[in-house]
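Before any comments, here is the structure.
The values are calculated or read from the model by the stated rules, or taken from the named source; none is laboratory data. Keep in mind it's a predicted model, so treat the numbers as computed, not measured. Note that we place each Cβ from the backbone using ideal geometry, even for glycine, and neighbour counts take in every protein chain shown. The area values use the complete protein model at the heavy-atom level, side chains included, leaving out ligands, DNA and RNA. Shrake-Rupley method; radii C 1.70, N 1.55, O 1.52, S 1.80 Å.
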Amino acid sequence: MRVVIVGGVAGGMSAATRMRRLDADAEIIVLEKSGYVSYANCGLPYFVGGVIEEEDALLLQTPASLHARFKLDVRVATEVTSIDVAAKKVAVKNWQDSQEYELTFDKLILSPGASPVVPPIPGIERALTLRTVEDVEKIANRVNAKPKSAVVIGGGFIGVEIAENLVHKGVSTTVVEAARQVLAPLDPEMATLVAKEMRKNGITLHLGVSAKDVTDTTVVLSDGTVLEAELVIMAIGVRPDTSLAKAAGLAIGARGGIEVDDFNRTSNHDIYAVGDAAEKTDAIDGSATLVPLANLANRHGRVVADHIAGRATRPIKTIGTAIVKVFDLMIAATGWNEKRLTASGREFMVIHTHPNNHAGYYPDAKQIALKLIFDPKTGEILGGQGVGVDGVDKRIDVIATAIRGGITAPELADLELAYAPPFGSAKDPVNMLGYIAENMMSGLVKTAQWNQTQDLRTAGYQLIDVRSPSEYGAGSIPGAINIPVDEIRSRTSEITSAPILVNCQVGQRGHTATMLLKELGFDATNLDGGYLTYANSPAAVN
Ligand SMILES: Cc1cc2nc3c(=O)[nH]c(=O)nc-3n(C[C@H](O)[C@H](O)[C@H](O)COP(=O)(O)OP(=O)(O)OC[C@H]3O[C@@H](n4cnc5c(N)ncnc54)[C@H](O)[C@@H]3O)c2cc1C
């Protein structure tokens with residue numbers, strides 16, 4: 001059997017090596033357009049900043065090493081230019097010697113990845129994009145020539161990573177993002193923390209504006225701002241590379257990726273597609289989705305090899321778990337965010353907490369901002385987001401695992417998570433989310449969100465801030481009066497019979513105060529996440 005694979009990186013190479021482990025005799029040919037295979041695309045931004053010093057560190061394998069270990073026939077600088085579906089062959093061009101030839105296949109696996117989106121802005125040709133080792137060499141050469149200024153267009157994962165690395169190289173860096181926030185997978189009150197970190201480290205951010213013109217020395221924005229830009233990097237997102245599939249008449253799905261079934265077969269069952277080019281199935285609503293991340297590309301590559309080898313496979317759905325570092329922060333998200341749930345019309349409940357990464361009494365405890373979104377009736381976990389210096393990764397990974405395992409939000413309280421003071425708390429932040437979810441779903445407490453505060457005030461709610469006078473004095477929600485939690489019993493005469501919105505710093509004392517007020521006969525609601533969530537939200541920032 002001959003298996004031909006288009007694309008020799010994440011999905012393609014996972015399929016190739018798994019295929020070999022399952023079939024010692026198959027002829028496996030990997031065709032890769034660029035000069036390298038098995039390179040670490042996720043590490044590319046760190047080469048720009050010199051965090052990864054040696055280019056060789058990005059090159060995980062070579063055609064020779066892959067042949068030695070796996071007897072793979074890996075051909076670099078070799079582009080598949082077309083697929084003849086009926087004749088089961090591909091046309092190939094070698095860019096080094098310009099040789100063109102055809103290869104027949106029994107099974108074809110497409111893993112051509114995704115291309116950076118480059119919008120038709122005047123002058124955009126001089127913008128650089130980042131996808132391959134050759135791309136990063138170009139960017140690194142330009143950066144090593146010490147440009148005075150750089151503009152990164154796009155504040156997504158790759159944009160913020162490149163921006164940070166440009167700062168490491170001493171380049172004055174501006175990020176332009178058309179949305180009103182960076183990092184689209186986050187909700188705005190979480191993304192604000194990231195924007196703060198970027199600004200703190202010297203990056204200038206322009207949010208809610210787009211680039212409309214690129215001149216030889218500047219980038220002009222839609223609001224008329226002119227930015228000095230010796231170097232321009234375009235990172236507004238990627239689009240599935242479907243050119244080969246489309247030309248071959250393979251079905252393209254509703255989201256613009258190659259349509260595949262549960263086994264990653266395309267509309268032609270001898271041709272598979274994996275990785276960024278292929279559509280995925282969303283685990284939350286079963287819809288087709290695009291998730292250009294390495295984990296899925298690798299996983300699907302392996303599943304395809306299993307399927308070709310006749311092994312039982314199961315459909316791999318996605319919840320889009322992702323993580324990124326921005327200077328001292330780690331930022332992670334899984335599942336759906338509030339923006340997407342609102343747009344889809346699905347009901348949900350939200351919890352914001354601000355726990356420490358480990359026991360507060362153990363040195364160096366750092367506060368995390370954690371968010372959980374779940375179904376108010378079933379408790380199904382719909383999403384999670386976290387921002388903090390440490391400990392975000394494991395909380396989001398636990399939440400991601402809970403989503404896939406069908407663990408509900410209140411059941412997070414039951415998880416037995418590894419604990420000793422340097423690592424966590426006896427009631428881990430994830431357990432706490434479970435406790436709060438249980439309180440909310442059972443109706444024990446009512447909570448309101450940061451974006452409801454002024455509406456509730458207008459509706460006649462009394463806003464009571466139960467923090468200490470010094471905390472209150474350092475900043476409070478407009479209209480809130482200060483009655484510290486420990487003084488509530490003695491100061492009930494200051495409270496009217498109108499409903500109350502209680503806030504503290506992070507929601508915990510507010511919960512105690514809300515329960516107390518309820519016992520005293522008042523109608524009290526706790527502000528979820530407290531003043532801290534409010535203060536970082538668009539309700540307070542900008
Ligand atoms: C800068 C950067 C940082 C990233 N960071 C992360 C991260 O931190 N975490 C994460 O999960 N994901 C990250 N990703 C995304 C991740 O790298 C991709 O999801 C993953 O590599 C997709 O695998 P793939 O096999 O679909 O495509 P790729 O790994 O992109 O491989 C596709 C290959 O196919 C080749 N090709 C295309 N067309 C042809 C053709 N016609 N003939 C021959 N060869 C062809 C291309 O040259 C390319 O090398 C990052 C991506 C980039 C670019």
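Among the residues of segment 176-200, those identified as among the charged types (D, E, K, R), outside any helix (DSSP H, G or I) and surrounded by 24 or more Cβ atoms within 10 Å (Cβ to Cβ) are Glu177, Asp187. Residue under question is Val485, and the condition is that it be in contact with a His (Cβ under 6 Å, 6 or more places away or on another chain) and open to solvent by 20 Å² or more (accessible area, probe 1.4 Å); does it hold? No: the conditions fail for Val485. Checking the stated criteria, Asp84 turns out not to satisfy the condition of being exposed (fewer than 14 other Cβ atoms within 10 Å of the Cβ) and either away from the ligand (no atom under 15 Å from the Cβ) or under 21 Å from Cys42 (Cβ atoms) (or both).
Selection within segment 230-267: residues that are within 16 Å of the ligand (Cβ to nearest atom) and of a type in the set (D, E, K, R). The member of this set that is surrounded by the most Cβ atoms within 10 Å (Cβ to Cβ) is Asp241.
Taking the stated definitions as given, is Tyr36 in contact (Cβ under 8 Å) with a residue 40 or more places away in the chain, outside any helix (DSSP H, G or I) and touching a strand residue (DSSP E or B) at 6+ places or on another chain (Cβ under 9 Å)? So Tyr36 passes the test.
Restricting attention to segment 284-293, report how many residues are touching a residue at least 40 places away in the same chain (Cβ under 8 Å) and surrounded by fewer than 17 Cβ atoms within 10 Å (Cβ to Cβ).
Looking only at that region, the number is 1.
Number of residues in segment 1-46 that are open to solvent by 30 Å² or more (accessible area, probe 1.4 Å) and at pLDDT below 95: the value is 5. Exactly one residue among Asp56, Asp97 is acidic (Asp, Glu), open to solvent by 10 Å² or more (accessible area, probe 1.4 Å), part of a helix (DSSP H, G or I) and more than 13 Å from the ligand (Cβ to nearest atom), and that residue is Asp56. When you check Val506 against the structure, is it in contact with a His (Cβ under 6 Å, 6 or more places away or on another chain), outside any helix (DSSP H, G or I) and either open to solvent by 20 Å² or more (accessible area, probe 1.4 Å) or among the hydrophobic types (A, V, I, L, M, F, W, C) (or both), yes or no? Taking the combined requirement at face value, the residue satisfies it.
Residue selection: Val160 fails the criterion of being closer than 24 Å to Ala10 by Cβ, open to solvent by 50 Å² or more (accessible area, probe 1.4 Å) and among the aliphatic types (A, V, I, L, M).
Within segment 371-421, the set of residues being of a type in the set (A, V, I, L, M), part of a loop (DSSP other than H, G, I, E, B) and open to solvent by less than 10 Å² (accessible area, probe 1.4 Å) comprises just one member, Ala409.
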